[in-house]
Amino acid sequence: MYIIKKTENRKLSMFDKAWDNAQVAEVTRVNWSEFPYAPNTTAKILYNDYGIYVQMQTDEEEILAKRTKQNSDVSNDSCMEFFFRPNENDPHYLNFEFNPFGTMYFGYRTDRYDYINPDVKNSFFEVESLVEEGNWILQYFVPFSFIDSLYGGHTKKMYGNLYKVGVETDVVHYVTYAPINTDSPDFHRPECFVEFVLE
């Protein structure tokens, strides 16, 4: 279970002190032995009265960024992802995927094949991406008003998983926060989601 702590801050910068209070999720689980590389990747999530802030950070050694078009195959680049169901009574989940450019893939789906790509630009989610030598930080904001427009409301208990992936990177990798029990890499496994609970 990941506890999403509340902040009273209306806006959060990437280096806001409020992030010091967030629970740290280690996104370093190797589920498939043929892909052992697991860069040191962490995630922190906070919420306020207006929505959910997500921040992810990795020390991936060789960053790859090629895709610049929204909803392109950013998971082929160096990529950090968060899939979550914001309403425990609705099977649809949101999948957010970003490369170091801040290029976003955004889907609303029930599984890998049943989905739509809502026409929402990454600026709406206040996407920030900062790449420095040996370090990449990503942050974005998902408004409750947007979630509620899709789901008719959100619940205190949510379900999700966090991922670090690079399909075309120098060292191919597929790592997760919560375990996935499949024979080959597959992040679209909502049955493997774990609890993300608003404090």
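The values are calculated or read from the model by the stated rules, or taken from the named source; none is laboratory data. Bear in mind that the values here come from a model prediction, so they are computed numbers and not experimental data. Don't worry about glycine lacking a Cβ; one is built from the backbone with ideal geometry, like all the others, and counts go over all protein chains shown. Side chains are part of the model used for accessible areas, which takes the heavy atoms of the whole protein and leaves out ligands, DNA and RNA. Shrake-Rupley method; radii C 1.70, N 1.55, O 1.52, S 1.80 Å.
Just a few scattered comments:
- Subset of segment 19-40 [in contact with a Lys or Arg (Cβ under 9 Å, 6 or more places away or on another chain), open to solvent by less than 60 Å² (accessible area, probe 1.4 Å) and either farther than 18 Å from LEU130 by Cβ or without any contact (Cβ under 8 Å) to a residue 40 or more places away in the chain (or both)]: TRP19, ALA22, GLN23, ALA25, THR28, ALA38
- For segment 50-103, residues that are farther than 30 Å from GLY152 by Cα, in a strand (DSSP E or B) and over 12 Å from the mean Cα position of the chain (by Cα) total 1.
- In segment 118-145, residue most open to solvent (accessible area, probe 1.4 Å) [restricted to those that are closer than 16 Å to GLY107 by Cα and in contact with a Pro (Cβ under 9 Å, 6 or more places away or on another chain)]: PHE124
- Candidates THR155, THR169, THR182, THR176, filtered to the one that is of a type in the set (Val, Ile, Thr), at pLDDT 95 or above and farther than 26 Å from TYR37 by Cα: THR155
- In this structure, PHE96 does satisfy being under 24 Å from LEU12 (Cα atoms) and modelled with pLDDT of 95 or more.
- The number of residues in segment 121-166 that are part of a helix (DSSP H, G or I) and touching a residue at least 12 places away in the same chain (Cβ under 8 Å) comes to 9.
- The single condition from (1) touching a residue at least 60 places away in the same chain (Cβ under 8 Å); (2) open to solvent by 10 Å² or more (accessible area, probe 1.4 Å); (3) more than 17 Å from PHE146 (Cα to Cα) that ILE4 fails is (2).
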